[in-house]
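Since the structure comes first, as structure tokens, the remarks are kept for the end.
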Amino acid sequence: MATFLQETQTSGNRRIWTWSCWVKRCETGTSHSLMNTRGSDDDRIQFHSSDVIRILLNGSASSFLVTNRLYRDVNAWYHIVVSVDTTQSTAANRIKLYVNGVQETSFSTENYPSQNYDTFLNNSNTMTVGGVTGGAETLNGSMSHIHYIDGTAYDASAFGETDATTGIWKPKTAPSVTYGTNGFFLKFENSGSMGTDSSGNANNFTVNGTMTQTIDTPSNVFATMNPLHKGNELGSATFSNGNTKHEGTTSGASYPYTFSTLAASKGKWYAEFKVASDATTTMIGIASGIADGFLGANTSAKGYALYGSTGDLFTNGSGSSYGTSLSVGDIRGVAMDLDNNKLYFSKNGTWENSGDPTSGATGTGAVSITAPADNGRGFYHFACGKAGNATTSIEANFGNGYFGTTAVSSAENPDDGIGIFEYAVPTGYKALCTKSINAQEYD
């Protein structure tokens, strides 16, 4: 079922308005609408299927912008601001687009509305967020800090600022703006009422479908599976639930796998993988760089994985006895200690091979791994996939607190308090997210 939000506007300023949101794409090559308001035609802000940003006023008529720049990053959050003021005498000032605080000026199509043009917004029409009126072009991804301003044209600095320490563009959590009659602020902070307006206007939205609250935010990005990396072109795979679910299809010797979007060069890191279907063909572990192979007999020298059918450890193209087999519903924990080059696996909270992830250089029950720096790339990713002729589904929790759309029941946290897991996180280990990585790298 398509998931999107809707709210019917009242009469407001049809010539001057601002839209600001943070969005994380989970899929490329598909059109995703961020905002749509339909009258006799429609106004729309979207990622087009060609991976450009497209702004339409009056649908496919003459008033629209299409960027030259492509937006294909499925790991980062984009801050998109569209500022409209059709009363401006200069055509190029009637629609302005900002991405991550910088005004976009390079367009493949650049058609501005006539002066004093009336848009469909603020005219008793229905606004759809995260899709198009009727349920098409629904966003496969996440949105945060959505502001809509009725009657004022703001630039990006009203909603974001550069972090003095990191130099990264970040959201202003309480911007000083005037929302106007139809304005709203969607924080998504109430999981039981995701359409709540926090602007003070009570312009609350109706939620269509099921929305999942995430702690992956513009201020702290968590690892996900990487849909841009489906293995060494041996097979295909599909990704869903914010790229935390990987499904490898049946196709003879087609054994797809994927890596986490984030990686680490030092420190101690923990993740969990739940088997949703066909546990026997699963391969779960880590890999360094973009290896030529990860699964079974194709496992590279910098890839380490347990085979679901036997629990055997595979690395460098061969397997050896190590752990226990998996069944559907089991959760495989993976703890990588890059300070001591040790790797540990658990099954439903019990460490395989009597392992102790806190044993440091001793490496009790550990798999010894090659130092990541020896690879030349210097980073290890979490990795998973299938190594058999079956449809295998694996759901990852990199600390976001969900397997698929189901929240973990135990809510265990790492030492730094960042991340939510099903089982207790070993002392000293962290979730693979930007805040924890930055703390480790600058330590």
- Kindly rank 168-176, 391-399 from highest to lowest mean number of other beta carbons found within 10 Å of each residue. 391-399, 168-176
- Message: Ranking request for peptides 338-344, 322-328: highest mean number of other beta-carbon atoms within 10 Å first, then the rest in descending order.
- Response: 338-344, 322-328
- If amide H atoms are modeled at 1.01 Å from N in the peptide plane, then the residues at a separation of 5 or more from T87, or on another chain, having amide H under 5 Å from its own are N116
- Relative contact order of the range 131-289, pairs being alpha-carbon contacts under 8 Å that are 6 or more residues apart, as %: 14 percent
- Computed [θ] at 222 nm, helices only, for the chain once each DSSP H run of length n ≥ 4 contributes -39500 (n - 2.57): -500 deg cm²/dmol
- Note on the structure: So, relative contact order of the chain in percent, Cα under 8 Å, 6 or more apart, is 14 percent
- Extension gain (nm, one decimal) between V66 and S50, 0.36 nm per residue minus Cα-Cα: 4.7 nm
- Kindly flag which residue pairs out of K342/K435; K172/K268; K96/K245 have an alpha-carbon separation exceeding 25 Å in this structure. K172/K268; K96/K245
- Query: Equivalent-ellipsoid semi-axes (√(5λ), Cα gyration tensor) for the chain, whole Å, largest first?
  - Reply: 44, 21, 19
- The summed charge of the K24 Cβ neighbourhood (under 10 Å; Lys/Arg +1, Asp/Glu -1) stands at -1
- Ordered by fewest other Cβ atoms within 10 Å, a rough proxy for footprinting exposure, I418, I215, I55 read I215, I418, I55
- So, with +1 on the Cβ of K and R and -1 on the Cβ of D and E, and no other charges, what is the size of the charge dipole of the chain about its Cα centre, to the nearest 20 debye? 380 debye
- Item | Loop-resident sites, the range 134-204, for GluC sites (Glu not before Pro), counting at most 12 other Cβ within 10 Å (DSSP) | E189
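Read-outs throughout are calculated quantities, based only on the coordinates presented, and are distinct from any laboratory measurement. Here the structure is a predicted model, which is why all the values come from computation and not from measurement. Heads up, the Cβs are rebuilt from the backbone with ideal geometry, glycines too, and the neighbour counts pull from every protein chain shown.
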